[in-house]
Amino acid sequence: MATLDGWLEGVLHGSASLEIILLISVLLGLRHATDPDHLAAVTALIASEHERNRARKASLMGLLWGMGHGTTLVLLGLPLVLLGRYLPEAIQQAAEVAIGGIIVF
């Protein structure tokens, strides 16, 4: 992992750094979207729909899910990154429990 970090650090100082950051962000977002918890939650919600409504509901749900994730990242993540801070451990744990509860609900 240290090798990858070093490579990224070197690449990000070049002229294409914004494009590389955006590409890596998209790839990490796609990887995150295919995590088992996301797939299980979306599959359970869509499986209850009639065949003709599934594609439409899946598209709408994907759009809303993405907007929710993006909004959270911008509102919480961006200020933390710009200020060079981290969420306190207690808040991280509370957020994990809350998300687990939401998924179960």
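So, in the range 62-94, of the ones that are among the hydrophobic types (A, V, I, L, M, F, W, C) and more than 21 Å from SER25 (Cα to Cα), which residue ends up farthest from the chain's Cα centre (by Cα)?
Per the criteria, the residue is ALA90.
Which of the numbered conditions does ARG52 fail, given that it passes all the others? Conditions: (1) surrounded by 11 or more Cβ atoms within 10 Å (Cβ to Cβ); (2) modelled with pLDDT under 80; (3) in a helix (DSSP H, G or I).
Exception for ARG52: condition (1).
In this structure, is LEU39 surrounded by 11 or more Cβ atoms within 10 Å (Cβ to Cβ), without any contact (Cβ under 8 Å) to a residue 40 or more places away in the chain and either at positive phi or among the aliphatic types (A, V, I, L, M) (or both)?
Yes.
The values are calculated or read from the model by the stated rules, or taken from the named source; none is laboratory data. Values in this document were obtained by computation on a predicted structure and should not be read as measured data. We place every Cβ from the backbone using ideal geometry, glycine too, and count neighbours over all the protein chains shown.
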